[in-house]
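Below: the structure, in structure tokens.
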Amino acid sequence: VTRFIYTPPNWFARLDWRNVFGPRANFPIEIDLGSGDGGFLIGEAQSRPDTNFVGVERLLGRLRKADKKSARLGLENVRLVRIENSYFVEWLAPPDSISAYHIYFPDPWPKKRHHKRRLFNEKFVAALARTLKSGGRVHIATDHADYFAEIQKIFAGNANFSAISPQIFASKTDFEREFLTQNAKISRASFEKIA
Ligand SMILES: C[S@@+](CC[C@H](N)C(=O)[O-])C[C@H]1O[C@@H](n2cnc3c(N)ncnc32)[C@H](O)[C@@H]1O
């Protein structure tokens, strides 16, 4: 089954949410970037049926797991897109259309020479701002203190965002569950798009 995997008709044009969600497109849209096996996405989609959820993930195996779970639960408010996170935000997401981004445990690329592969940089955060609705939010969690400090610095440098107290959701991500059993320290932040 690939019932919930959405393949855009044109990878070089911005998505039309009516094509993705049909008549449901008027409900708020939240995006989970690097959704993995979909534990968080599917948990939230179950408990908030009046919100649309899009999982973005580059690994097909993980996307398929999330697809199967969504099918089993018959979740009409879930779609999955197989693409790079940054490409999705910079090139596919329409402006001023997204209510929230969830970015949990993005790969930290700990080696200095790999830092350029990290998801968060000025350009990416500017694209988050462009595609969020006014008042839209970005929620972040990571176990990597160093990367967390860098992320906070990047958001502080973007006048479109203000830091709000970290918002905790009912569902846990798959990695969060794993880290909690290891007693790892998890850092969290939420930011709101102002005007
Ligand atoms: C550490 S896991 C966290 C998964 C999930 N957010 C969680 O908390 O359980 C990072 C996930 O992001 C995906 N990922 C990493 N870099 C990506 C990228 N540039 N574009 C899309 N997915 C990416 C990985 O395949 C992996 O599933």
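The residues in region 116-137 that are out of contact with any Ser or Thr (no Cβ under 7 Å at 6 or more places or on another chain) and in contact (Cβ under 8 Å) with a residue 12 or more places away in the chain can be counted, and the count is 14.
Only residues that are open to solvent by less than 70 Å² (accessible area, probe 1.4 Å) and part of a helix (DSSP H, G or I) were counted across region 46-68, and they come to 5.
Against the conditions (1) away from the ligand (no atom under 16 Å from the Cβ); (2) at positive phi, P94 satisfies every one except (2). Considered as a group, the residues in region 180-195 that are within 16 Å of the ligand (Cβ to nearest atom) and touching a Lys or Arg at 6+ places or on another chain (Cβ under 9 Å) include one that is modelled with the highest pLDDT, and that residue is S190. Checking A66, A127 one by one, the residue that is small (G, A, S), under 17 Å from the mean Cα position of the chain (by Cα), away from the ligand (no atom under 12 Å from the Cβ) and at negative phi is A127 and no other.
Every residue, every condition in (1) in contact with a Pro (Cβ under 9 Å, 6 or more places away or on another chain); (2) of a type in the set (V, I, T); (3) closer than 26 Å to I168 by Cβ, yes or no:
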| site | (1), (2), (3) |
| --- | --- |
| L15 | yes, no, no |
| G34 | yes, no, yes |
| D37 | no, no, yes |
| F40 | no, no, yes |
| G43 | no, no, yes |
| V54 | no, yes, yes |
| K65 | no, no, yes |
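Residue count for region 5-42, restricted to those that are acidic (D, E) and either on the phi > 0 side of the Ramachandran plot or surrounded by fewer than 16 Cβ atoms within 10 Å (Cβ to Cβ) (or both): 1. Scanning region 69-96 for residues that are open to solvent by 20 Å² or more (accessible area, probe 1.4 Å) and either touching a helix residue (DSSP H, G or I) at 6+ places or on another chain (Cβ under 6 Å) or small (G, A, S) (or both) yields K69, A71, G74, R79, R82, S86, E90, P95.
In the set (1) under 27 Å from T142 (Cβ atoms); (2) in a loop (DSSP other than H, G, I, E, B); (3) not hydrophobic (A, V, I, L, M, F, W, C), the condition left unmet by P9 is number (1).
Remark: R118 matches the filter, which requires a residue to be open to solvent by less than 20 Å² (accessible area, probe 1.4 Å), more than 11 Å from the chain's Cα centre (by Cα) and within 11 Å of the ligand (Cβ to nearest atom).
Condition check ((1) among the hydrophobic types (A, V, I, L, M, F, W, C); (2) within 10 Å of the ligand (Cβ to nearest atom)) across all residues:
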site: A13; (1), (2): yes, no
site: N19; (1), (2): no, no
site: R24; (1), (2): no, no
site: I29; (1), (2): yes, no
site: S47; (1), (2): no, no
site: V54; (1), (2): yes, no
site: R62; (1), (2): no, yes
site: S70; (1), (2): no, no
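The values are calculated or read from the model by the stated rules, or taken from the named source; none is laboratory data. Everything numeric here is computed off the predicted structure, so don't read it as measured data. Here Cβ is always computed from backbone atoms with ideal geometry, including for glycine, and neighbour counts include all displayed protein chains. Side chains are part of the model used for accessible areas, which takes the heavy atoms of the whole protein and leaves out ligands, DNA and RNA. Shrake-Rupley method; radii C 1.70, N 1.55, O 1.52, S 1.80 Å.
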